[in-house]
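The values are calculated or read from the model by the stated rules, or taken from the named source; none is laboratory data. Here the structure is a predicted model, which means the values were calculated and not measured. All Cβ positions, even for glycine, are placed from backbone atoms using ideal geometry, and neighbour counts span all protein chains on display. SASA here: full protein model, heavy atoms, side chains in, ligands and nucleic acids out. Shrake-Rupley method; radii C 1.70, N 1.55, O 1.52, S 1.80 Å.
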Amino acid sequence: MKRLIFRADRLFIKICGVCSTDDAETCLAAGADAIGMLLGKRGAVIDPQSDQLTLEEAAALSRTISERLPSVILIHSTNIDTVSDIYEAIRPSALQLQSDFSNDELRALKARLPDVQLIKTLYVTPGKDAPAVIADVSKYLQSEMLDAINLDSARGGSGEAHDWNVSKAVVASAPPIPILLAGGLNPANVAAAILTVKPDGVDAMSALNTAIRRKKDPQKIADFIHAARNASTEPDDVRNSDRI
């Protein structure tokens, strides 16, 4: 499988909620660095308006694309056996952990799956200030098991942005790990988000959908990636002026 690569000189771009090989190929052609896939609960009826996949659908998509474009599975379970079973069934490049894990649990998960890359989502909820989020980041960094942290809005996939000034402060605190920005990003606002927050990567989902169930809009994907790449190539003294 192709691994996630985070580079200091290149913005990392993930397109999440990808449900088909066609959309994965569109992301690859447009210059995305990874795709994200959402899993429905095992045995549950999947909402036809959601971007969730069955385990079998996600495994098939991963097999098709993951040698050419890294794939990330978003995981809500905190049961290490369940998480391990999902990984073994799908074999993605990385797991994005949406729920809370202790550092001991992260170490146990990494011991079980030594080759997997791990992204931890932290939620910038209303009323949660920058020092609180920075403290959360510091806590998770103590495990030394994570490959990146994803800062998202209170409800992931809602299309709602959070307070970028909080995420800006997190990035400016210079954690020794890539920080990805998510939550309400779209082709029209991603440049402003990058120039404000100065993240190592961006992650978009619902704003890139069409009105058709489980389908991405190729033009929106192209526009999003184009805007993000342009913003990320601002001179270093402008783009990184606030990063300590």
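The figures follow:
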| item | result |
| --- | --- |
| Theoretical ellipticity at 222 nm over the chain - DSSP helices of four or more residues, -39500 (n - 2.57) apiece, nearest 500 | -11000 deg cm²/dmol |
| Summed side-chain charge close to Pro131 - residues other than Pro131 whose Cβ falls under 15 Å, Lys, Arg +1, Asp, Glu -1 | 0 |
| Cα-based shape type of region 99-167, given that a ≥ b ≥ c are square roots of the gyration tensor eigenvalues and the cut on a/c is 1.5 | prolate |
| Pairs of alpha carbons in the chain whose separation is greater than 29 Å (percent) | 23 |
| Cα gyration tensor shape for region 1-116, rounded if a/c is under 1.5, else prolate or oblate | oblate |
| Per residue, in Å², the accessible surface of the chain once ligands and nucleic acids are set aside, probe 1.4 Å | 44 |
| Over the chain, relative contact order from alpha-carbon pairs under 8 Å, at least 6 apart, % | 20 |
| Within the accessible area of the chain (1.4 Å probe), percent carbon and sulfur | 50 |
| Fraction of antiparallel bridges per DSSP, region 1-122 only, in percent to nearest 5 | 5 |
| Protection proxy ranking of 121-127, 214-220 - average other beta-carbon atoms within 10 Å, highest first | 214-220, 121-127 |
| Shape category assigned to region 133-173 from the gyration tensor of Cα positions, a/c cut at 1.5 | oblate |
